[in-house]
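The structure appears below as structure tokens.
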Amino acid sequence: MGKFLKGFISICCCLIFTQPLSISADEIASQYYVLMDAKTSRVIEGKGEDDLIYPASMTKIMTLLVAVEQLKDLDEKITITDEMLAGLAEANASVAGFVSGETVSVRDLFYGLMLPSGADACVALAVRIAGSEAAYVELMNERAAELGLTQTHFVNTTGLHEDAHVSTVREIALLLKAALRNPVFKNIFETKEIITETTWAHPEGIYLISSTFRYADPSMDYLIGGKTGFTYEAGLCLASAAEKENMSLILVTAKAPVELGYQPIHIQDAKLIYDRAFDEYHQVVLLSKDEALPALTIKQKFKANEIDLKAPETITAILPKNIERESCSYTYLNESLTPPITQGELIQTLMITCQGEAIASLQFTAEENIEKDLLFQLFTKENTALLFVILCAVTAFIYRFLHRRDKINNEV
């Protein structure tokens, strides 16, 4: 029975815990936001997280993700052309500062795209990879579909406003989570500042600084990176990630107002939400890898087998600090299993709940077939008539045998 079951983890990412952060909705200036557990995708806190938004330059998370997946040689050189820069100045797009005729490395285009939010780098990479920005956008939408981002649709690589260019803060958070699994993307995303290679147009290189770290408060030492965005229609936006005390969080805010001041409103919102989250929440280990689970019972007609199970990996959740593992319960959805069971069949789910809220589930599938007991198979409804005939024949044989034996004994 040891190889009978295979387990896999499913985290309930659509649930919002019933004890939210002690932040009034009025304190958050952004109209939309979502705070997500970066390990499990579980939403910790949110406001309008599934409403459609204009993502502005948060779009460039996808632009860069597709680029780093397509281009492996970061030293490859690309020459900037007039075609790549056409219309960007008129659209008031943010740029890294590359000029027509300048030959730059893929690496510098990656940094130019992410840190200062350079539209010039976006278009240059799109033309190099797909031949045109429009063709590259098709790749972006295909990648969004692969990631299950059903409400996300891109029209351009830069985030410049288009009515059909939309997403949600939840899906931008899921996109950032996926992008951070790519080591090249993650390294660029976490970079605060860099100077590009020297060229004839920039003999000392171009100084690039992250638009997120540029305005972040020094006390936000938990911040590992971010991508800002702004159009008049989108408002101020920010997709960021933070780590502290074994907690990994992703925060996406959108449509914050523009106000004069030292620190932009979306950065203020991020500091407020992160500070409260790290103060009020902690990471709880719900199951450790190879930890013994409640035995699983498989009932047969004449016996019952118990299978010893172990957690295939460590399961954690970010929960309010007043909730510990001891307050969570672990329950199988099915009390027991009855064969026949087919290989690959989903046969059991272990639900983990904390104070009445479903937090995670551990699902088991069968790695091999298991049939009914042989005797149970014999005593099925379909075989009743045949078994009756066989029983009668056996009974008659025994009766005749005994009768003949008695007759012989009497004669003797």
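Values as computed for the structure displayed
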| quantity | calculated |
| --- | --- |
| Which listed residue, of Ser22, Ser30, is modelled with pLDDT under 95, in the same structural domain as Arg143 (by TED's automatic domain parsing) and touching an Asp or Glu at 6+ places or on another chain (Cβ under 8 Å) | Ser22 |
| Candidate set from the stretch 44-69 (those that are in a strand (DSSP E or B) and of a type outside the set (D, E, K, R)); member that is nearest to the chain's Cα centre (by Cα) | Ile44 |
| Flag for Pro218 being over 18 Å from the mean Cα position of the chain (by Cα), over 16 Å from Val66 (Cβ atoms) and modelled with pLDDT under 95 | yes |
| Residue that is farthest from Gly131 (Cα to Cα) [pool: residues in the stretch 45-60 that are of a type in the set (A, V, I, L, M) and buried (at least 24 other Cβ atoms within 10 Å of the Cβ)] | Ile53 |
| Residues (under 27 Å from Ala89 (Cα atoms) and either outside the structural domain of Tyr33 (by TED's automatic domain parsing) or β-branched (Val, Ile, Thr) (or both)) located in the stretch 127-171 | Val127, Ile129, Val137, Thr152, Val155, Thr157, Thr158, Val166 |
| Residues that are surrounded by 13 or more Cβ atoms within 10 Å (Cβ to Cβ) and more than 33 Å from the chain's Cα centre (by Cα), drawn from the stretch 92-106 | Gly97, Phe98, Val99, Ser100, Glu102, Thr103, Val104 |
| Only listed residue being under 24 Å from Lys72 (Cβ atoms), acidic (Asp, Glu), touching a residue at least 60 places away in the same chain (Cβ under 8 Å) and not in a loop (DSSP other than H, G, I, E, B), chosen from Asp120, Asp108 | Asp108 |
| Selection within the stretch 117-132 - out of contact with any Asp or Glu (no Cβ under 8 Å at 6 or more places or on another chain), surrounded by fewer than 22 Cβ atoms within 10 Å (Cβ to Cβ) and within 25 Å of Thr191 (Cβ to Cβ) | Arg128, Ile129 |
| Ala89 being free of Cβ contacts under 8 Å to residues at least 24 places away in the same chain and not acidic (Asp, Glu) | yes |
| Check on Ser41, assigned by TED's automatic domain parsing to the domain that holds Lys255, surrounded by fewer than 20 Cβ atoms within 10 Å (Cβ to Cβ) and touching a strand residue (DSSP E or B) at 6+ places or on another chain (Cβ under 8 Å) | yes |
| Complete set of residues in the stretch 221-256 that are aliphatic (A, V, I, L, M) and within 21 Å of the chain's Cα centre (by Cα) | Leu223, Ile224, Leu238, Ala239, Ala241, Ala242, Met247, Leu249, Ile250, Leu251, Val252, Ala254 |
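The values are calculated or read from the model by the stated rules, or taken from the named source; none is laboratory data. None of these values were measured; they are calculated from a predicted model. Every residue, glycine as well, gets a Cβ built from its backbone with ideal geometry; the counts of neighbours run over all protein chains shown.
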